[in-house]
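For reference, the structure is listed below as structure tokens.
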Amino acid sequence: MADSSSRSRDLDKLLLRPGNLVGPRFEPGTELRDDLQTFAKVLVVGAGGLGCELLKDLALTGFRNLEVIDMDRIEVTNLNRQFLFRLEDVGKPKAEVAAKRVMERISGVQIVPHFCRIEDKEIEFYNDFSIIALGLDSIEARSYINTVACSFLEYDSDDNPREETIKPMVDGGTEGFKGHARVIMPGITPCFECTIWLFPPQVKFPLCTLAETPRTAAHCIEYAHLIKWNEVHGGVAFDPDNPEHMKWVYDEAVKRAELFGIPGVTYSLTQGVVKNIIPAIASTNAIISAACALETLKIATECSKTLSNYLTYNGSEGLHTEVAEFERDKDCLVCGPGILIELDTSITLQKFMGLLEEHPKLQLSKASITHRGKNLYMQAPPVLEEMTRSNLSLSLFNLMGKLPKDVVHVNGTTIKNDQKFSCLRKLRVIFKGVDGVADMDTAGGA
């Protein structure tokens with residue numbers, strides 16, 4: 001194990017001397033390195049193939065205060081590329097094992113693991129970090145973290161983002177020999193939602209093919225997943241993260257494949273088809289992680305200008321990298337100033353929640369609503385739902401402290417491409433006729 005002075009040698013070359021590409025507030029010196037190690041706090045979301053690399057790279061780069069969150073347990077199929085795990089770790093939480101291994105190998109770093117779903121954490125949990133680094137393989141998870149980070153963003157009266165409320169994100173993703181690294185500065189660069197079109201839609205098979213003429217192993221798996229499960233477990237939602245549910249689908253897919261003489265159904269393929277898992281290669285993870293760690297360092301220290309703003313890597317035929325600068329969608333529902341909604345002072349919280357379901361741009365159901373960190377109504381857990389239930393009959397105007405206008409955050413369920421998913425939305429609420437606030441043309445208001 002190298003001592004700390006030799007580990008920081010290359011870091012010192014970046015932080016202890018000036019350069020032509022540094023940020024406007026860059027001040028070289030040992031104080032900057034010490035501040036990086038003392039005050040910078042980074043959250044790594046995901047402890048899989050890319051997340052393991054990220055955690056290790058950030059620790060070696062000089063970050064000393066790290067946390068990692070992941071809901072999965074280690075499986076045998078992870079061991080070929082998730083290098084922090086061993087055979088004896090199978091069944092253990094990824095976040096806990098990854099944190100333990102990095103701390104064992106790199107002295108001085110402190111890593112706090114969180115074995116839970118990202119939705120299980122309060123929104124304010126994410127506001128405690130200087131930077132959020134994403135090592136995810138899910139569009140839905142990326143979208144959720146993106147909306148959380150953008151919810152902290154505040155705008156001034158001229159609709160310019162307030163710098164102190166910007167929560168930087170560094171996002172990496174890999175698919176075989178391809179990968180990307182991107183820097184997201186909410187309000188300045190495109191957020192994830194601004195460029196959602198970059199991600200191709202999931203492949204969907206016609207139900208008639210699944211039910212009558214299956215030709216591939218994937219057809220058999222999707223038959224068990226989409227058709228057979230509902231026939232046998234009517235009313236019970238399939239949980240892709242439940243090992244028993246996944247094993248049931250695998251067993252049924254094997255029976256279906258044997259019936260039609262189709263080879264190739266395996267448990268790992270079943271997981272891949274059902275959870276839309278993309279094959280990963282260790283070397284691609286390492287390259288993308290290195291790019292993400294470097295961008296995280298740039299953001300924290302301004303030792304160089306950050307990526308503008310999307311890097312792609314392709315190693316399938318030779319080696320090709322390219323940087324594209326995408327433009328932010330000024331009307332984005334997530335990173336924009338927020339949807340403007342004009343309300344009467346008499347409207348109750350329950351009526352407001354009904355308007356959110358009917359709003360053409362929102363269509364939010366099962367909403368939980370917060371205002372300035374205070375829970376106005378929470379759908380879950382049951383104890384919070386009971387505590388906030390009495391607010392439903394009260395006027396939103398009174399619940400918001402009789403302010404003429406302010407921002408509320410709504411966490412709920414919406415539908416996109418015929419699929420339900422959780423989302424967080426920022427709403428600018430204005431009450432009619434209060435302190436000179438007049439009727440106005442709202443941006444898709446209720």
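The values are calculated or read from the model by the stated rules, or taken from the named source; none is laboratory data. None of the values given here were measured: they were computed from a predicted structure. In this analysis, Cβ positions are derived from the backbone assuming ideal geometry, glycine residues included, and neighbour counts consider all displayed protein chains. The accessibility values were calculated without ligands, DNA or RNA, using every heavy atom of the protein model including side chains. Shrake-Rupley method; radii C 1.70, N 1.55, O 1.52, S 1.80 Å.
Looking at this structure, is E193 closer than 21 Å to L424 by Cα and either of a type outside the set (S, T, N, Q) or out of contact with any helix residue (DSSP H, G or I) (no Cβ under 9 Å at 6 or more places or on another chain) (or both)?
Considered against the rule, which asks whether it is closer than 21 Å to L424 by Cα and either of a type outside the set (S, T, N, Q) or out of contact with any helix residue (DSSP H, G or I) (no Cβ under 9 Å at 6 or more places or on another chain) (or both), E193 comes out as yes.
One residue stands out among those in the stretch 308-327 that are at pLDDT 90 or above and surrounded by 18 or more Cβ atoms within 10 Å (Cβ to Cβ): the one that is farthest from I132 (Cα to Cα), which is Y313. Here is a check on your reading of the model: is I288 modelled with pLDDT of 85 or more and either touching a strand residue (DSSP E or B) at 6+ places or on another chain (Cβ under 6 Å) or open to solvent by 50 Å² or more (accessible area, probe 1.4 Å) (or both)? Considered against the rule, which asks whether it is modelled with pLDDT of 85 or more and either touching a strand residue (DSSP E or B) at 6+ places or on another chain (Cβ under 6 Å) or open to solvent by 50 Å² or more (accessible area, probe 1.4 Å) (or both), I288 comes out as yes. Going through (1) touching a Ser or Thr at 6+ places or on another chain (Cβ under 6 Å); (2) more than 24 Å from G51 (Cα to Cα); (3) open to solvent by 20 Å² or more (accessible area, probe 1.4 Å) one by one, K298 falls short only on (2). Applying the set (1) in a loop (DSSP other than H, G, I, E, B); (2) surrounded by fewer than 18 Cβ atoms within 10 Å (Cβ to Cβ); (3) modelled with pLDDT under 90 to V334 leaves exactly one unmet item: (2).
If you check D158, D120, D137 for being free of Cβ contacts under 8 Å to residues at least 60 places away in the same chain, open to solvent by 50 Å² or more (accessible area, probe 1.4 Å), on the phi < 0 side of the Ramachandran plot and under 14 Å from the mean Cα position of the chain (by Cα), only one passes: D120. Note on the stretch 249-281: residues that are open to solvent by less than 70 Å² (accessible area, probe 1.4 Å), in a helix (DSSP H, G or I) and in contact with a helix residue (DSSP H, G or I) (Cβ under 7 Å, 6 or more places away or on another chain) total 12. Look at (1) acidic (D, E); (2) within 27 Å of L153 (Cα to Cα); (3) part of a helix (DSSP H, G or I) and you find that E96 fails only one, number (2).
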